[in-house]
Structures are given as structure tokens and as C-alpha cells.
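J.: Sharing a structure below in C-alpha cells format, with a few things to ask.
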Protein chains: 2
Amino acid sequence: MQELVSDCFRKAFSNPLLDTLDDAALLPAVGRRLAMSTDGYTVTPLFFPGGSIGTLAVHGTVNDVSMLGAVPRYLSAAFILEEGLELETLYRVVNDMAQAARTAGVRIVTGDTKVVPKGFADKIFITTTGIGEILVEDPPSGHRAGPGDAVLLSGSVGDHGLTIMAQREGLSFATDVESDSAPLCGLCGRLLERVPVHVLRDPTRGGLASTLNEIASQSRVGIRIREDAVPVHESVRSGCSFMGLDPLYLANEGKCIVIVPGASAEEALAIMREDPFGREAAVIGSVTEEQPGRVVLETAIGGERLLSLLEGAELPRIC
Amino acid sequence: MQELVSDCFRKAFSNPLLDTLDDAALLPAVGRRLAMSTDGYTVTPLFFPGGSIGTLAVHGTVNDVSMLGAVPRYLSAAFILEEGLELETLYRVVNDMAQAARTAGVRIVTGDTKVVPKGFADKIFITTTGIGEILVEDPPSGHRAGPGDAVLLSGSVGDHGLTIMAQREGLSFATDVESDSAPLCGLCGRLLERVPVHVLRDPTRGGLASTLNEIASQSRVGIRIREDAVPVHESVRSGCSFMGLDPLYLANEGKCIVIVPGASAEEALAIMREDPFGREAAVIGSVTEEQPGRVVLETAIGGERLLSLLEGAELPRIC
């Protein structure tokens, strides 16, 4: 196990903070307030078009820290491995993590590995925890949406959720669908520097519809969304139609909802579109006083319907 | 799942930082350097005399942060639950964690829960990550042991390891053995305030012998230990003798090795013995120039032998 740790993890993640070999990392002082977030990753399959459990374990936590208005700085990574796991699989996952961390500008500074006997886990589970530095005096929060605010989305929805489902079902139509697994820290950092951001949230499990409902409920406001303004890739739309799914409820792993004062909407949109992970950003709706706690969808054919929270059992192990 | 989270976790762990319900916690600025540590807990059985996976998940990470010379402040907790887990079991574990966190003076500020289908995990796995505030200019490190230093131990060894083994084997002799699962942050904090501490390490997996070897290797010094100075409870000694085990290689979950200049040994010992988790503290040996990288045991009958690193497979899922 010691050889495994030095060979695999330390080579891939090497940095001066990790390399001291103690059981914890010693980090420089951070003058500002901190954001801390943790997530367990149990996705199956481990590898899929557009990413892997390794990219998700970095992007997911980096994004959760970013959503609090912070620049992610440090990650820890704890692995639970099933005995008999092929080393090649572990190396691929760890290299994906190292690459994703470099792109996101975070350092993996400490970690842990536990091995459980065969049959007591499913290949690899990863838990990452991120620490970030809060950038602004009034950080964005799910409580801060107000009437007159604009609701923006950084790109298309449904890509990750549909990709995982198609992989599990072995559906051949889905050859051109891929996960949107991506780090949002750059996009969010630039937004926070230049625009008063009220809410930042990444619509992961439960999708856009569920996350908008959480915001409406936390802020006690209504949210109106225009169906034809929400970007959905054609491949996702046709895959969803085939499988009877609604892309608004599918998980995303590289998208964020941004709520800003109406007057700042155009500036926010321009900043988002400059980012490699925000090229398809769009204004998708607005915050209202009416129907507090509810999300109303204006449909493409001119009608209206309530978008409720996802009901029933959600697909397990989507991330 | 949402009900589970609010009912179980938020009630048990409630504090103002956790209660904002966002995906990450917003923490006050910390003026000093930070320590960060993470550990996955997969112990079986979940409950045992002296503790549970819940107490370990708090104490283990609190102790890792403490060993870097930091006061642990915040913990995150990520749960991987096997579908079908009895809720009563989860409640017991979570309450153990909440109680352990209160005793250690840390707050659980953010968390995550994933459920995997039956057969893809073993009841409960927990990963905790801790952040602490570094107390001193020159924090203790495995690299800082020097010739002339004294080696102290905060109490008896082998209790946790033997307890878990006895539970698994269903051995009835072991009725008076219990895990030493305990938080060491108070003891370490007071030591650091008053004594120049060179090394702090908790001898968990691999036991006292393995941890001393790691220190000897990192600091390139020799370490001499007197066998009869190492506290071992009589019940552990007889249990080990029955099972053919050496208590020096068994895991501990509430003990630390403290290395200080020889001249500070008595003061350090007095401070340790004042602490509820250091009453049996002892000076067990010293650091030497001879045999760098090696640990020599002076046996009770007057001989000497090298204490090597633990060889062969270690017992899985001990913590």
C-alpha cells in the first residue's frame, strides 16, 4: 500500500504541500473567509464520454466551492478501493484527477486510501473536500434572489445525466452525447469580480428544475423560465425524447445558474460567454414577486406550467 | 433523502455555519496557517466497546489535524450508505459523531450523502476532512526529531486494534478490552503552548513500532525505546499473548507520540498527565545519532532488538 501511494498518488498529484509526507497538509494563511465543501463520488460506470469518476471528483467539489463565491485553492482526496481493482484503472482515474486539478488551478494537498475486501465496495469511491477563498463581501447565496433579478444559465442542460443513463443502458443512439464535466471556477471568479452576483448554483442532481425550486424556496420568490431560452443540445433532446426523460431534471456537472440584478444581465452574459465553459450561456428567465417558492415554465407554444421538484426515486450513482 | 438529511444530520450536527443549507460552508477568516487532513472510515463492526465508526470518524481526523500542531476547528462529513441500512443504525452513528465533535470542540460544517444499491458498500463508510489553525511558528513534523530528544507516549498501546480483532473473532476473554478512541486536540494544544514540540504523531495503523520507524526514517535518526516503559494494559497483554500478536504493532485511536528536547521531557510529561486522555503518559525512550532510520527496542530482560516496520498484510478495516 505504501508503494501504491508513492507510485501512483504522489507522482500524479506532486506539489510542495503534498510532498511533506505527514498525515495532514500545512497550508499558507488565507486572509479572507473560507468556503469548505465535500462530496462523495460513486458514479458508475467509472469512465464515460466526456469524463470519469476522477474528473467529477475534482470538478464537482471545485464547483461547489465556487458556488459560494470562492476561488478553490486546495483539495483533499480520500479513496475507498475494492480489493482486486486493476491498478491500471486506478492510474487512469488518478491521472484524470491530476489533469482536472491542474486545469482548475487547485492543488491536491492531502489524501487517504482504504482498501476493503472484494464485494464490500464497487471498484472505487472517492471523497474530495475543497477549501476556497471567499472573493466578495456579500457572497452569493440561495437566499439572495430578489424580484427584478435576471436568471442566467452557463450552457446546455442534461448532457451529463443522459450520458450516464445511455452508458448504463448500452444505447447506441447516444454516440454523440457526452458529459459536461467541467470546472466553473474561472467563469465564476471573473463574474464575481465585475458583477453583483446574488445567487450561484450548479444544477447537479435533480437538474435545473430542482435547483431553481430550491432557490425559489430559499429566497421566497417566484422564478419564471422561458422553455425555448434554455439551451439543450439536439442529441440530448432526441435521447430524452426516446427515453421519456425531461432534460430539465437531468444532472449537470459543468453548468451554473447565475442570478444577478436585471441591469447587470447583459454584462454577466458577456463575461460568461468569454469563458470556454460558458460559450452557450443564456438569459433564461427572471425572478418575480408572484408565486413565491414556485418555478413557472413558459412553454415554447405559449402556455405555462409549474416546474415541480423532482418526484420519485432519482437515479443512483449519477455522480 | 432530503428528509433524511434534515431529520438526521441537521438535527444532530446543528450549528450556524451548517444551517445555511447551501452546498458549501462559509467559514470565518483564519489569520494563521491552516492544517488540512482527510480520512476514510470503513471499520467493521460499526460499533465496538469504547467507540464506533462515528467516534473514529471524528477523533481520527481531529487527531491528524492536531498532529500538525493545529487546533482543529471545522470538519466536513461525507457518507456513503448501503441501501437498506437501518435508520436506527445511522442515527446512532450520527449521534456518536455529534457527541465526539462537541467534546473535541470542532464543528461539522458541511456534508454529503450518497446511497449505493445493496451489495455495493458495507452499511456505512464515512470520510471526514478537518481544518485547523496552526498554533506555532515551527510546527511539529516527522522530520524534526534530533539526537538528545526524549520520546514520550500519551498512554497504553494496542487497545483499539485488539478490541476490533476480538470483536470480529467473537472472543469472550476480551470483555474488559475497549478501544481508546479519543480526541487529542486538548492535550496537544496545551503541549504546544508550553513546550517546544519537535514531533507529534498518532500511532494508528501499524502501531507504535511502525510510526516510530517512519519518524526515524524521515528525521534520519535512531530511536531507542525501553520495552518496559511502554504502557500496555494487562488485558491487552494477555489478549495479545493468546492471539499471538504484538501490542507494539496494533492500531491505536487515541494516543500520540511526542518528541521534545530532553530538557523539556519532564514538563511535557506533567502536561500530558493532566489531560484526561494522557493520564498514563510515559517517557519511553530517546532519539540517538546511532543507527539512523532504525528503531531499537531494549527488552525487559536486558537484550536489544530492531523494531521493524509491520510486515505482511495488515488487518483491513481496522478504522
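The values are calculated or read from the model by the stated rules, or taken from the named source; none is laboratory data. These numbers were taken from a predicted model, which means no experiment stands behind them. Every residue, glycine as well, gets a Cβ built from its backbone with ideal geometry; the counts of neighbours run over all protein chains shown. Heavy atoms of the whole protein, side chains included, go into the accessibility calculation; ligands, DNA and RNA do not. Shrake-Rupley method; radii C 1.70, N 1.55, O 1.52, S 1.80 Å.
J.: Taking every residue in A:111-124, how many Cβ atoms of other protein chains lie within 10 Å of its Cβ, on average?
T.: 5
J.: Taking each residue of B:129-142 in turn, how many C-beta atoms of other protein chains fall within 10 Å of its C-beta, and what is the average?
T.: Mean number of neighbouring Cβ atoms from other chains: 3.
J.: Let me ask something else. How large is the convex hull of the C-alpha atoms of the protein assembly as shown per residue, in Å³?
T.: Convex hull of Cα atoms, per residue: 140 Å³.
J.: Still on this model: Charges only on Cβ, +1 for Lys and Arg, -1 for Asp and Glu: so what's the dipole of region B:1-129 about the Cα centre, in debye to the nearest 20?
T.: Using Cβ point charges on Lys, Arg, Asp and Glu, region B:1-129 gives about 520 debye.
J.: Of A:Lys114/B:Lys11; A:Lys255/B:Lys123; B:Lys118/B:Lys255; B:Lys11/B:Lys123; A:Lys118/A:Lys255, which sit over 31 Å apart, Cα to Cα?
T.: Check vs 31 Å cut-off fails for A:Lys255/B:Lys123; B:Lys118/B:Lys255; A:Lys118/A:Lys255.
J.: Oh, and also: How much accessible area per residue does region B:2-134 have, in Å², with a 1.4 Å probe?
T.: About 33 Å² of surface per residue is accessible.
J.: For region B:2-134, report the convex hull volume of the alpha-carbon atoms normalised per residue, in Å³, without decimals.
T.: Cα convex hull per residue, to the nearest whole number: 102 Å³.
J.: How far apart are the B:Tyr91 label points across copies, placing each 7 Å from Cα toward Cβ, in nm, shortest first?
T.: Those separations, rounded to one decimal, come out as 4.9 nm.
J.: Computed over the Cα atoms of region A:149-307, what is the convex hull's projected area averaged over all directions, in nm²?
T.: Here the figure is 8.9 nm², rounded to one decimal.
J.: Once R0 is set to 35 Å, what does the formula 1/(1 + (r/R0)^6) return for the Cβ-Cβ distance between B:Arg10 and B:Asp228, expressed as a FRET efficiency to the nearest 0.05?
T.: 0.10
J.: May I pose another question? Based on alpha-carbon centroids, what's the gap between region A:145-193 and region B:266-287 in Å, whole number please?
T.: Going from one Cα centre to the other spans 55 Å.
J.: Kindly work out what percent of the DSSP beta bridges joining two residues of chain B are antiparallel, to the nearest 5.
T.: Approximately 75 percent, going by the DSSP bridge assignments.
J.: OK, next. Tell me: how much accessible area in total is hidden between A and B, 1.4 Å probe, Å², nearest 100?
T.: In total, this chain pair buries about 4600 Å².
J.: A further question on this structure: Count, for each residue of A:71-81, the Cβ atoms from other chains sitting within 10 Å of its Cβ, then give me the mean as a whole number.
T.: Across the residues of A:71-81, the mean count of other-chain Cβ atoms within 10 Å is 4.
J.: Mind running the shape call on region B:82-138? Use the C-alpha gyration tensor, a ≥ b ≥ c as the square roots of the eigenvalues: rounded below 1.5 for a/c, prolate if a/b tops b/c, oblate otherwise.
T.: Note, shape of region B:82-138 comes out prolate.
J.: Hey, another quick one. How far apart are the A:Asp228 label points across copies, placing each 7 Å from Cα toward Cβ, in nm, shortest first?
T.: 9.2
J.: State to the nearest 20 debye the size of the charge dipole of chain A about its Cα centre, where the only charges are +1 on K and R beta carbons and -1 on D and E beta carbons.
T.: My answer is approximately 360 debye.
J.: Under a GNM of chain A (C-alpha, springs under 10 Å), which listed residue has the highest mean-square fluctuation: A:Leu309, A:Leu26, A:Leu90?
T.: So, out of A:Leu309, A:Leu26, A:Leu90, the one fluctuating most is A:Leu26.
J.: Return a whole-number percent for the relative contact order of region B:2-134, with Cα pairs under 8 Å and 6 or more residues apart as the contact set.
T.: Relative contact order, region B:2-134: 40 percent.
J.: Placing one identical point scatterer on every Cα of chain B and ignoring solvent, what is log10 I(q)/I(0) from the Debye formula at q = 0.13, 0.16 Å⁻¹?
T.: For chain B at q = 0.13, 0.16 Å⁻¹, log10 I(q)/I(0) is -0.94, -1.32.
J.: Pairs of Cα atoms under 8 Å, at least six residues apart: use those to get the relative contact order of chain A, whole percent.
T.: 23 percent
J.: Still on this structure: Tell me the net charge near B:Lys123. Cut-off is 11 Å between Cβ atoms, B:Lys123 excluded, with +1 for each Lys or Arg and -1 for each Asp or Glu.
T.: Residues near B:Lys123 contribute -3 overall.
J.: Follow-up question, since we're still on this one. DSSP beta bridges in the protein assembly as shown, what fraction antiparallel, as a percent rounded to 5?
T.: 75 percent
J.: Placing a label point 7 Å from Cα toward Cβ, how far apart in nm is A:Pro261 from its equivalents in the other copies, listed shortest first to one decimal?
T.: With the label placed 7 Å along Cα→Cβ, A:Pro261 yields 6.0 nm.
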